[in-house]
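Asker: Take this structure, written in structure tokens, and hold onto it; I'll ask about it next.
Every number here is computed from the coordinates shown, using simple stated rules; none is lab data. Just so it is clear, the model here is predicted, and its values are computed rather than measured. All Cβ positions, even for glycine, are placed from backbone atoms using ideal geometry, and neighbour counts span all protein chains on display.
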Amino acid sequence: MCGRFTLTAELGEVVEAFAAEASPALAGYEPRYNIAPTEDAPVVIAAPEGRRAGPMRWGLIPRWAGDPRTGARMINARSETVATRGAFRESFLARRCLVPADGFYEWEERADGRQPYWIHRPGRALFAMAGIWAPWRRDGEAPLATFSVLTRDAPGPIRRLHDRVPVILPGILWTDWLARGTAPETLHCMLSDTGSPELRLRPVSRAVNRAGYDEPACIEAVEPDL
């Protein structure tokens with residue numbers, strides 16, 4: 001699964017890398033070192049004028065849900081079943097997104113506690129996690145945009161930490177992934193045939209285990225027995 005991720009780049013770098021226009025709602029955005037479920041993060045969607053980046057809450061809330069807390073249980077969607085699960089099917093077919101990131105965390109279970117690892121591309125390069133999104137509205141309130149990250153089987157080096165990782169889409173697929181008219185068969189091929197990019201693992205401070213701790217020190221390497 002993907003339970004925390006990072007986006008430590010400046011907003012200008014993000015919108016340039018994704019060829020997207022930044023929503024005014026991202027004014028005041030700052031780099032994030034420990035994005036947790038139910039928090040907002042920049043997400044890229046297709047808009048009539050082109051790609052647009054704006055904030056969404058992590059944890060998809062289906063439109064029929066009566067309680068926004070439902071989203072805390074829907075931060076991830078399995079790529080193998082996203083088209084058949086009632087909570088995700090509509091979004092998969094009509095509302096797909098790219099979730100910018102430059103790393104994510106997984107944990108090693110140890111006798112003395114959980115050791116986090118920051119998993120990232122060489123050079124801390126930005127990448128796009130495949131996502132789906134949905135608007136949720138409570139009567140009398142403005143709609144809330146929410147998203148989930150799609151996951152796949154983990155490659156060998158990461159499997160010792162967890163059996164799932166985010167689906168990372170190469171740039172050549174971004175346009176088709178976002179396009180509303182892309183055929184479901186093509187979408188499934190993107191999810192199943194996309195190879196895993198080179199990823200590196202770095203043991204980091206156990207302070208990461210605490211949601212709310214969001215400092216540059218989150219991604220600094222430590223000795224794994226600390």
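Asker: Hey, what's the Cα Rg ratio for the range 27-134 versus the globular rule of thumb, 2.2 N^0.38 Å?
Answerer: Numbers: Rg = 15.5 Å, N = 108, 2.2 N^0.38 = 13.0 Å.
Ratio of Rg to 2.2 N^0.38 Å for the range 27-134: 1.19.
Asker: Considering all alpha-carbon pairs of the chain, what whole percent are spaced by more than 25 angstrom?
Answerer: Numbers: 9438 of 25425 pairs.
Everything past 25 Å amounts to 37 percent.
Asker: Using each residue's phi in the range 76-87, evaluate 6.51 cos²θ - 1.76 cosθ + 1.60 at θ = phi - 60° and report the 3J(HN,Hα) Karplus result to the nearest Hz, with x for Gly and Pro.
Answerer: 3J(HN,Hα) across the range 76-87, in whole Hz: 10, 10, 5, 4, 6, 10, 4, 7, 10, 6, x, 6.
Asker: Check each of the trypsin sites (Lys or Arg not before Pro) in the range 135-208 and keep only those in coil by DSSP with at most 16 other C-beta atoms within 10 angstrom; list them in order. It would help to have the intermediate numbers written out before the result.
Answerer: Numbers: sites: ARG137, ARG138, ARG152, ARG159, ARG160, ARG164, ARG180, ARG200, ARG206; in loops: ARG137, ARG138, ARG160, ARG180.
Of the trypsin sites (Lys or Arg not before Pro), the ones in loops of the range 135-208 whose Cβ has at most 16 other Cβ atoms within 10 Å are ARG137, ARG138, ARG160, ARG180.
Asker: Here is a further query. Could you point to the residue in GLY50, ASN34, PHE18 farthest towards the positive end of the range 1-52's charge dipole, with +1 and -1 charges on the Cβ of Lys/Arg and Asp/Glu respectively?
Answerer: Of GLY50, ASN34, PHE18, it is ASN34.
Asker: Please identify every one of the chymotrypsin sites (Phe, Trp or Tyr not before Pro) in the range 143-223 that sits in a loop by DSSP and has no more than 11 other beta carbons within 10 Å of its own beta carbon. Write down the numbers at each step before the final one.
Answerer: Working: sites: PHE147, TRP174, TRP177, TYR213; in loops: TYR213.
Loop-located and lightly packed - none at all.
Asker: Using modelled amide H (1.01 Å from N, peptide plane; none on Pro or chain starts), what sits under 5 Å from the amide H of VAL43, excluding residues fewer than 5 places away?
Answerer: Residues meeting the amide H criterion: GLY54, MET56.
Asker: Here is a follow-up. How long are the three semi-axes of the equivalent ellipsoid for the range 145-223, computed from the Cα gyration tensor as the root of 5 times each eigenvalue, in whole Å, largest first?
Answerer: Details: eigenvalues 181, 54, 25 Å².
Taking √(5λ) for each eigenvalue gives 30, 16, 11 Å, largest first.
Asker: Going by alpha carbons, how many degrees (0 to 90, nearest 10) lie between the helix axis of 184-193 and the longest principal axis of the chain?
Answerer: So the inclination is approximately 10 degrees.
Asker: So what are the ³J(HN,Hα) numbers for the range 131-140, from phi and the Karplus equation (6.51, -1.76, 1.60; θ = phi - 60°), rounded to whole Hz, Gly and Pro as x?
Answerer: x, 10, 9, 8, x, 10, 9, 8, 3, x
Asker: Give the dimensionless ratio obtained when the Cα radius of gyration of the range 54-101 is divided by 2.2 N^0.38 Å. Show your work: numbers first, answer last.
Answerer: Details: Rg = 10.8 Å, N = 48, 2.2 N^0.38 = 9.6 Å.
The value comes to 1.13.
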